[in-house]
Structure formats: structure tokens, C-alpha cells
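Everything on this sheet refers to the single structure shown next.
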There are 2 protein chains.
Amino acid sequence: MGLLVLLLLLLAFLMPGVAIPVPPALRALSNLHLSTKFTSRPSAVTKYSKYSIHYLKQKVDHFGFKNDKHFNQRYLIADQHWKKEGGSILFYTGNEGDIIWFCNNTGFMWDVAEELKAMLVFAEHRYYGQSLPFGANSFKDSRHMNFLTSEQALADFAELIKHLKKTIPAAKNQPFIAVGGSYGGMLAAWFRMKYPHMVVGALAASAPIWQFEDMVPCGVFMEIVTADFRRSSPNCSKSIRKSWDAIHRLTRNSTGLNLVSEALHLCTSLKNSQDVQHLKDWIAETWVNLAMVDYPYESNFLQPLPAWPIKVVCQHFKNPNVSDTELLQNIFSALNVYYNYSGQAKCLNMSETSTSSLGSMGWSYQACTEIVMPFCTNGIDDMFEPHAWDLKDFSNDCYRQWGVKPRPTWITTMYGGKNISSHSNIIFSNGDLDPWSGGGVTKNITDTLVAINIAEGAHHLDLRANNAFDPMSVLLARSMEVRHMKKWIRDFYASLTKKH
Amino acid sequence: MGLLVLLLLLLAFLMPGVAIPVPPALRALSNLHLSTKFTSRPSAVTKYSKYSIHYLKQKVDHFGFKNDKHFNQRYLIADQHWKKEGGSILFYTGNEGDIIWFCNNTGFMWDVAEELKAMLVFAEHRYYGQSLPFGANSFKDSRHMNFLTSEQALADFAELIKHLKKTIPAAKNQPFIAVGGSYGGMLAAWFRMKYPHMVVGALAASAPIWQFEDMVPCGVFMEIVTADFRRSSPNCSKSIRKSWDAIHRLTRNSTGLNLVSEALHLCTSLKNSQDVQHLKDWIAETWVNLAMVDYPYESNFLQPLPAWPIKVVCQHFKNPNVSDTELLQNIFSALNVYYNYSGQAKCLNMSETSTSSLGSMGWSYQACTEIVMPFCTNGIDDMFEPHAWDLKDFSNDCYRQWGVKPRPTWITTMYGGKNISSHSNIIFSNGDLDPWSGGGVTKNITDTLVAINIAEGAHHLDLRANNAFDPMSVLLARSMEVRHMKKWIRDFYASLTKKH
């Protein structure tokens, strides 16, 4: 697995519901999603659909005065439970996707709205969904992409909050709280850091704000993926580690290529070593994917998935001491859990390209500019083939793709890296099962910069709607989150009283 | 006095040592300076000249990736008193002028260097001095000016601090403290707010961070100017208030125009009512100027000035019940204090244009984009002719001049306006005599956002070098400032120890 491939693959995991960027070599990885559209609570769909859609005219460039162009930022409002007296406003800091998708998939906000007397606002991130600064031309070239940065997005949020306070009188003197998950969680935390006058606090769920430069070891992400499989059974990760060489051995000649293609029921047969690399990437992607969505209940993720899917997958890797062909057969069975849980698939399609989505363009650009996250594997602490992080290669590839060069140290300069203790009122929640927790804040920094770790949690499980199968750890996490929010709200009203 | 004229005039006061923007109608105001080059301590020149000059390659645009141009930011280092063990770094956040000028005129930093074991760093603000993003083309048009914003300047400072920590090993684990006066004080405060991971605190001297939108009454600035004159004698401000009508009455015909020109010893005779308006603006400018530099010792400001110059000026306005011609004579005597203290001037030159300075271009642009400060007079609470604040007029003028439109609410969106209590470790110092104190923070916000008011202080007197004639209030202010800084430094080292 080429490191760049792996890297782009991993980055794409931050982006739920939309496809990853697809450089030629990555076609097979292009179905990557981080979806959490659970079908187990169909009633929720109705519950979450009661929002109104709005648009705010935003400056394309908040940080310069020459460009006086504007675009419409989309945002959603749900105020069924909002109280004009003593209420609050939960403000979802939209990330790299369609805001309606986030609105429908952040059940936590809907579940706590009544208790917090809260209006819910979901703000779409520029360059995603319908919030395109230059319409269809938004992704045309680096000139049009130039205004896709986290700073511009945060400024959009700030202007939106000002607009809401101005146009909704009762909102003027109510506390806003930022909420976000994954990259949206990073934005929620950064928003509180940079605009503490706009929000009294932030819930940053599964936000890997330290997955930059050398703040965490570049291998930590894949180590956690590996640990998730090892937790099910040590033989599981051991088998997967062995599988790369097995595949290599089995695909030395055309007979082998055919054999492997047939054993895995691939829709398109392997033709050469490049295809084999592609296959490995695709399989690795699947394991990573499973680690992120290793949720405790059945979910419908691209294909339907069983509860605790890693456990189900690992059923097929009980014995690591099998022949290469047996191991191959086990891989097929494991892949089948992920790609064919419904039993409808005629073959496994590793080269199916993704739904063309503007969102993927945007994220690929962001990953090539600001959001530069180093990843690596060593094959010892993780179950993958070893690959070092090579910034130069990465940079060159970005330049080829976008005509821009990444600035890997900028995020730390801008947002403080590990030196953030002077801020306040941010909850960093992480699931222990989530590979992104490796780049997250998992220890309290101060009394008001708190870490909440969810032992049985995958990627921002806490932001999902309540579910009968939720483990105690996520229930506890949500309850602590609400307690913090209530305190922020109380403090806000107390300071308001003091002023008057 | 046209309001726009007044406004531009006032804005220019933020800019020490360089000329104000000169739209055609403002030629006579173009000598406006806020200099504090005191000649009373010639020895200081030697003391302050021991710095080394450096340049850091900075990105022209920190907030986008398309423009990959760079420029050299100039900065100065003085490390005579710096201690590698237990030391600190005072970081001057340069404002709208040549950094060497600030270095030579911020005696406070030099005076406390030894006590704080401090390295002194003076960072030049982009588009001023030698730090020109596009060299001679920097002010060519709005496209070249586009990167002149406070946000870009703060990002320069952040990159510079990173660079210093990287290249000066002993600086890596030392606390940086931001120091600035006037607009530089605003930058120091904003820098601590936006980059608290870069500086442990900020001394924001005479920083009118609230002179925006409607955070303070638009008339407060001119009321303070008036109060300064009234303090010397109520008849003084009364006489000045009467003088505008007197000038109007005296200049109704050509005989009158000549009479006034001669009485005031103007180098160029008044020709028409436009010249008369010009004269009034120029005189008003003088009173404002005096209020800002009403220092307790002789200083050399454009022309040499006596100690407490307003007191000297007001000697000539003892009796408000005089004829128009007598009043005119008194105005001449008063103007003479300011423009001819040395007794060398043959005539008073109100139309002398300013030294052409790039700095003035930059500040005029900033005042027309981000730094939009509303001013007004009513002739009742102040001694000036009444003028309302008219944003539309202002905006149109900016568009004519720069091809850009001001965003008067942006600074508040960005930096929080009055809602800044979640920040920490900022000293806001203000002189009661300084008209800018009206837009400053003059009451403690929290235990760590403190206001220090200097009863006998004009514009950032506390940042000036020690002087035998310093009033007790400024000595006390400086001592409190040092006490706060020492606490920040102590806290920094304590937290460092805790980490290890």
C-alpha cells in the first residue's frame, strides 16, 4: 500500500457521506465514506426533518477587501424546542459535506434540544453542499479554491451568528454553543478558541486537532485500527498482517492473479502488480473503515453492517496458521461482511468509482493545503505494510493535483497545537475504538478544557442519536456533555444578570 | 470643519512619525504627526541604538494558497540584558510606521529589559517601513493593498515568533510578551486574544479597541480634547468654541480674508471659503494634537514643544469676552506655541504638505477598510463645530480613494468588541488626558484583563522612556505593568516545571 494512497484514504475518513479524492491510482478506494445513517431508528427521520432552510449572503473573502464577491451560505434552523426565555442555541459547525446530511445524522443535538431549551442551527461549510462560493466554477482551479480554508469557514460562522442575533431578537441575549464532529469537531474547538465572544463553549467530538506535524506519532492511527482488530482476537490482526505477503505470493503470475480474483469474487480480474497494490489498498481501507464504524448496533453504512462489525469480521480470522489460499478465502469472508452483509452482491467491486461529489474535491484540496495530517505504518505496531510519511512526495502530489503546496505547520501556528491551555469551555470527546482518537485530546487540559473518553465508542458515537444498544460509556459521555453545556448556559445567564 | 476631514485627521493620530493621507482638501492637515521623539534625553539615543536588524521571509498571504509570493519582514533584536536562564522576550507588535522609529521611541521596553532579563524584539508591520510586500508597487492599487490587514499582520507576528523559537534555542522555552502602543497596542491585545499560545500576555498602551461601531459615543474623543483645554481654564475651551464663529464673521469678504491671513501670519493668504474651512480644520487639528502630546516635559514634536503645552496655549485664552479680532490675535499666539516655540518661523504654513511617506498610504487604506472609527462633534459637549458621523459619505470617499469599501462591523466580529472577558493577561493602559482613552478599556474586565489609568498621562506616556519630570501616576503605572509581566513570566515557568 503506497503511503500517499493510505494517507489520502485516511484523510477521506474525516469526510462522512461523500467520496474521497480519486487520483488515478485510487479509483478502488473511492467508495470510502464515513456514514452513520443508521436505519435502526426510522422514526428519527421524521423527527429530524423539521427544519427550515435559510441562506445568508457571505463575503467570499473575509480577509481582504479587493474581492467584493458574495455567495449564499446555507443553514438550517430547527426551533421546535427553543425557549425564548432562558434558552440556548446549539450551533453545528458544518464540515466537509452537505449540511442536511449532518443535520439528519447528529441525533444528539435533536435529543438534547428540549432539555437545553435549544434552537438548533446547522451551518454549511463553504465549498460543500449548496454553499459554493463560485457556483459550478468553485472547484475550477486554485484561484477559485483560494477561499476554501478553515479560517474563512470560521469567519462565515461568526458572521452567521451575528446575523442570527440581529434578526432573531430573542436570540440576541442567548448563549450559543458550537457542536461538531470529526473535522466539524475541530472547527467547533477552533471556533471557541478564535471567537470565544461568539460561543460560550464547544463540543468537539472525535476531533483530531493534534493529528498534525509531530504532535502525535504518525503511526498512532493505524495502531488503533490494529488494536481494534486485536481486541476481537489477537489472531485476527495477526492474520491480517500475514495477508499482505500471502497476497503478494499468490499473485506472482497470471495464474495467481486469476486465482485471487476468483477467490475474492472480484468483479474485475487483477491484471498486474499495480492492480494488486490497488487490491491491498482497498482491503486496508476496509479494515480502517470498520474500525471507524465499529458501532454497537446494526447500521446502514454504504452496505448494511452488523452490530460490532469487527467482531463479525474477526470470526473469519480465528486461526493465523493457515495456508495462503485458506487465508485468502478468509479475507473474502471478512470482506463479505462489509461489502455483502445483505447477501445481494454478485461480486466485490473494488474499482467502482465514487459518486461524483463536489465535497470530495473540497476535502482533497483542504488536505493538500491546511489539513496536512502525517500518517505512517511500520508493520510491527500495526497490521499493515510499512510505509514512512514522506512530506515531499505528498507535497509534489498536491502540487500536481491542485497547483498549490501544503503548509504542514500552519494549523499549529494558527490554532496553537498542544499549547491551548489558556482557552476554556471545550469538551473533547473521543471513542477509544476510533482511530482518530490518536490525534485527539484524551486527557483534561484544564478544568474547562475537558476530555471525555468513550471506552466502547467509535467515530463520534456520542453525536449519534440515542439507541437502545448504546453502551453505558456513551450514555455517560452524553450526560457529562449536557452537564457541561448546562453549566456554560448557567454561567452565561449569571454574567448577564451581573451586567444589568 | 468637515466631518470627514476631522475623521481622517483623527485617524492619522494613531500614526506616529508619519504623515496622514492627503486627499486634496486635506493638504493643510498633512503635517499631522504623533511623534514622541523627546530631545530631553539625548543619551537615550545611544542606549536604544544597540539593536541588530534582521529580515524574515513571510508569505504575502497567510490565508490563501494560490498566492505563493513572499516578502521580507524587518525586525530588530536587542539582547544586551537578555538572560538565557529565566529570561523573557518583549515583543513589540509594530504598528503603522518604520519599526526603527518605534524601537527608538519605546523607552519603556529598554528601561525594563534588565529587570525582566528580557530580549527586545521589534517586529515591523507589513506595508510600513521596509516591510513592503510588493516593494515599490505595494501601494499601487487595491490588488496590491489586499494583504494589508490586521489579521495578516498578526499572522506575520506569529510566524516570526515561531521562527525565533526555532532559530534561537534559548528562546524556545521562554515566555514572549506582546507590547504595543496606539494601533500597535490594539495589535498587542488582539495578538494575545487570537494567538494566546504565542504570548503569555500583552501590554496594550493607549489602545482604543472600542473606538468602533457604537461601542463608545462617537463624540467622546473630542470631548476629551475639550476637557483637556477646559482643565487648564474653562475660559480656554470657551474661547476656542467661540473662535469658529469669529473666524466665520471675520472672513466674510476679501478684506476680512486678508486681515485674518495677516493676523495669523499665514504663509499663504486665504482666498475663499474653502480656504477658511481649511484653516479651521488646521486649527482644530492643532488642538487635537496638543491634547495627545500634552506631556509633562519639553519635547520635540515636529517643532519643539514646552512641558504641558496646553497650559501654555491656554495662557492666551484667559478672557473669553473679547472682540473677534482680539480672539484672532489670541489664536495666533496659541498657534505660535505649537508651530513656533523656537521662535524661528517667519510665517505659519497651514498648507505645507507632508513628507511623502508610504506609511501614510498604508494607514489611509487601513482606515478605509478595517479600522473604521466613527467620530462626531456637537459643539456643546465639545469646543468644536458640530458634525455628525456619516458612514455613507465616509464609505464613498474610501471607494473613490482606494476602490474598496470599509467594513465597519468587521473588527468587532473578529476581535469581540466588548465581549472579551474570556481572554486573559492583557493590560490596557490609558492616559486620562489622551483623547484615545475614550475608546480604550479603562475599567478592569477580569482579574487578568486589567485597566491602568494614568491621571496625568497623554497618549501612551507609559511606553516612553523614564524622565525626571514623569508624574507619579505614570511611574506607578509602569511599576504595575512590570508587576503583571513578572507574574506572567513566573506563571509561565511554573507551568513549565509542572510539565516536566
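Rounded, prolate or oblate, given the Cα gyration tensor of region B:116-184, with a/c below 1.5 counting as rounded?
prolate
State the Cα centre-to-centre distance between region B:201-230 and region A:392-442 in whole Å.
That distance is 40 Å.
Across peptide B:219-228, what mean number of C-beta atoms from other chains lies inside 10 Å of a residue's C-beta? Don't skip to the answer; put the middle values down first.
Numbers: counts 0, 0, 0, 0, 0, 0, 0, 0, 0, 0.
The per-residue average across the peptide is 0.
Which whole-percent values make up P(r) of region A:162-230 when all C-alpha to C-alpha distances are grouped in 10 Å steps starting at zero?
19, 33, 27, 12, 9, 1
Go through region A:466-475 residue by residue and turn each phi into a ³J(HN,Hα) via Karplus (6.51, -1.76, 1.60, θ = phi - 60°); whole Hz please, and just put x for glycine and proline.
3J(HN,Hα) across region A:466-475, in whole Hz: 3, 9, 4, 8, 4, x, 4, 4, 7, 5.
Checking the a/c ratio against 1.5 first, then a/b against b/c, what shape does the Cα gyration tensor give for region B:217-406? Can you show the working numbers first?
On the way: a/c = 1.43, a/b = 1.35, b/c = 1.05.
Rounded is the answer for region B:217-406, as its axis ratio a/c remains below 1.5.
What FRET efficiency do you get for B:A136 and A:K140 if R0 is 35 Å and r is their Cβ-Cβ distance, rounded to the nearest 0.05?
Numbers: r = 33 Å, r/R0 = 0.94.
Computed FRET efficiency for B:A136 and A:K140 comes out at 0.60.
What do you get for the angle between helix B:220-232 and the principal long axis of chain B? Use alpha-carbon atoms, 0 to 90 degrees, nearest ten.
70
Can you pull out the GluC sites (Glu not before Pro) in region A:75-179 that DSSP calls coil and that have at most 15 other Cβ atoms within 10 Å?
Counting only loop positions with at most 15 other Cβ atoms within 10 Å, the GluC sites (Glu not before Pro) in region A:75-179 are A:E85, A:E114, A:E115.
Report, in degrees rounded to the nearest 10, the 0 to 90 angle that the Cα long axis of helix B:391-402 makes with the longest principal axis of chain B.
Approximately 70 degrees, to the nearest ten.
Taking a point 7 Å out from Cα toward Cβ as the label site, list the nm distances between B:N466 and the same residue in every other copy, smallest first.
6.8
Treating the beta-carbon of each Lys and Arg as +1 and of each Asp and Glu as -1, no other charges, what is the dipole magnitude of region A:359-500 about its Cα centre, to the nearest 20 debye?
Numbers: 14 positive and 15 negative charges, 200 e Å.
Roughly 960 debye for region A:359-500.
Using 1/(1 + (r/R0)^6) with R0 = 30 angstrom and r between the beta carbons of A:N235 and A:A468, what's the FRET efficiency to the nearest 0.05? Numbers along the way, then the final one.
Working: r = 31 Å, r/R0 = 1.05.
Once the sixth-power term is evaluated, E becomes 0.45.
Cross-link candidates for A:K405: which lysines have Cα within less than 23 Å, leaving aside residues fewer than 8 places away along the same chain?
Result set, ordered by chain and number: A:K140, A:K392, B:K57, B:K59, B:K66, B:K69, B:K162, B:K166.
Could you tell me, in Å, what Rg and Dmax come out for the Cα atoms of chain A?
Computed over the Cα atoms of chain A, radius of gyration and Dmax are 22.6, 82 Å.
Estimate for me the total accessible surface buried between chains B and A (protein heavy atoms, probe 1.4 Å, no ligands or nucleic acids), in Å² to the nearest 100.
Working: alone 19780 and 19720 Å², together 36110 Å².
Interface between B and A: roughly 3400 Å².
Taking the Cα-to-Cβ direction at B:L391 and at B:V322 and moving 7 Å from each Cα, how far apart do the two end points lie in nm?
4.3
Enter the Cα centre distance for the pair region B:102-160 and region B:272-333, rounded to the nearest angstrom.
Using only Cα atoms to place each centre, the spacing works out to 33 Å.
Name the chain B residue nearest the rotation axis between B and A, going by Cβ position, and give the distance in whole Å.
Result for the axis mapping B onto A: B:F63, 2.
Hey, could you get me the Stokes-Einstein D for region B:356-500, Kirkwood radius over alpha-carbon pairs, 10 °C and 1.306 mPa s, rounded to whole µm² s⁻¹?
Once the numbers are plugged in, D ends up at 86 µm²/s.
When each pair of different Cα atoms in region B:89-203 is counted once in the 1/r mean, what is the Kirkwood radius in angstroms, to one decimal?
Final number for the Kirkwood radius of region B:89-203 is 14.5 Å.
Ordering A:F384, A:F469 by how much accessible area each has at a 1.4 Å probe, largest first, what is the list?
Greatest to least solvent exposure: A:F469, A:F384.
If I take R0 = 25 Å and measure r between the Cβ atoms of A:N378 and A:L259 in this structure, what FRET efficiency does the formula 1/(1 + (r/R0)^6) give, to the nearest 0.05?
0.25
May I ask you to list the lysines whose Cα is less than 19 Å away from that of A:K498, ignoring any residue fewer than eight positions away on the same chain?
Straight-distance partners of A:K498: A:K172, A:K486, A:K487, B:K418, B:K443.
How large are Rg and Dmax for the protein assembly as shown when calculated on the C-alpha trace, in angstrom?
According to the Cα coordinates of the protein assembly as shown, Rg and Dmax are 32.5, 114 Å.
Which distances in nm, rounded to one decimal and ordered from shortest, link the label point of B:R483 to the equivalent label points in the other identical copies, with labels set 7 Å from Cα toward Cβ?
Once sorted, the set of distances for B:R483 reads 3.9 nm.
Could you pull the copy-to-copy label distances for B:A494, with points set 7 Å along Cα to Cβ, in nm to one decimal and sorted shortest first?
In ascending order, 2.3 nm.
When the helices in the protein assembly as shown are scored as -39500 (n - 2.57) per DSSP H run of 4 or longer and the sum is shared across all residues, what 222 nm value do you end up with, to the nearest 500 deg cm²/dmol?
-12500 deg cm²/dmol
Show me the three semi-axes of the equivalent ellipsoid for region B:133-267, from the C-alpha gyration tensor (sqrt of 5 times each eigenvalue), largest first, rounded to whole Å.
Largest first, region B:133-267 gives 47, 22, 14 Å.
Around B:W308, under 11 Å between beta carbons, what's the net of Lys plus Arg minus Asp minus Glu among the other residues?
-2
Which whole-number value in Å² is the accessible area per residue of chain B, probe 1.4 Å? Provide the component values of the computation, followed by the final result.
Numbers: 18090 Å² over 500 residues.
Heavy-atom accessible area per residue stands at 36 Å².
Once the convex hull of the C-alpha atoms of region B:372-454 is built, how many Å³ does it hold per residue, rounded to a whole number?
128
Using the Cα centre of region B:217-406 as the reference point, and only Cβ charges (+1 on K/R, -1 on D/E), how large is the resulting charge dipole? Debye, rounded to the nearest 20.
280
Over the heavy atoms of B:I77, what accessible area does a 1.4 Å probe trace out, to the nearest 10 Å²?
20
Counting Lys +1, Arg +1, Asp -1, Glu -1, what net charge surrounds B:S239 among other residues with beta carbon under 12 Å of its beta carbon?
Here the charged neighbours net out to +2.
Do any cysteines of the protein assembly as shown lack a neighbour Cys whose Cβ is under 4.7 Å away, and which are they?
Unpaired cysteines in the protein assembly as shown: A:C103, B:C103.
I need the semi-axes of the equivalent ellipsoid of region A:205-324: take the C-alpha gyration tensor, multiply each eigenvalue by 5, square-root it, list largest first in whole angstrom.
27, 18, 15
Equivalent ellipsoid semi-axes for region B:42-155, as square roots of 5 times the alpha carbon gyration tensor eigenvalues: give them largest first, rounded to whole Å.
Equivalent ellipsoid of region B:42-155: 30, 15, 10 Å, largest first.
Excluding same-chain residues fewer than 8 positions from A:K271, which lysines have a Cα within less than 22 Å of its Cα?
Qualifying lysines at Cα under 22 Å: A:K280, A:K346.
Angle between the Cα long axis of helix B:3-12 and the longest principal axis of chain B, 0 to 90 degrees, nearest 10?
40
The values are calculated or read from the model by the stated rules, or taken from the named source; none is laboratory data. For clarity, every value in this text was computed on a predicted model and none was experimentally measured. Positions of Cβ are backbone-derived with ideal geometry, glycine not excepted, and every protein chain shown enters the neighbour counts. Quick note on the areas: whole protein, heavy atoms, side chains included, nothing else; ligands and nucleic acids left out. Shrake-Rupley method; radii C 1.70, N 1.55, O 1.52, S 1.80 Å.
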